[in-house]
Amino acid sequence: MIKEFFMRQMLKKQMKGVPDEEIEKLVQLVSKNPELFQQIAEKAQGKMKQGKDQMSAIMEAAQDHKEELEKLIKE
């Protein structure tokens with residue numbers, strides 16, 4: 001619960017203008033499979049170290065886990 005609270009606050013700060021409902025959906029997805037999102041974050045950090053901008057790095061890392069993300073969303 002505490003983790004979710006801090007994650008929600010961080011997301012609100014990072015995603016200004018995104019409706020609270022969308023942020024809540026994202027928090028729920030991360031809570032279902034935190035290991036997957038940790039892997040995506042680590043891959044994105046590696047890509048940023050290679051010189052990619054943050055958005056491109058995250059999109060590429062998420063694309064590498066597309067099937068897993070789709071399954072998680074359908075649950």
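Counting only helices (runs of 4 or more DSSP H) that sit wholly inside the chain, those with at least 1 residues that are basic (Lys, Arg) and surrounded by fewer than 16 Cβ atoms within 10 Å (Cβ to Cβ) are 2-14, 20-32, 34-49, 66-74.
Entry remark, the range 22-74: residues being over 20 Å from Arg8 (Cβ atoms) and either acidic (Asp, Glu) or touching a Cys at 6+ places or on another chain (Cβ under 9 Å) (or both) number 7 in total.
None of the figures in this text is laboratory data; all of them are computed from the coordinates on show. Not measured: the values here are computed from a predicted model. Reconstructed Cβ throughout: ideal geometry from the backbone, glycine too, with neighbour counts over all protein chains shown.
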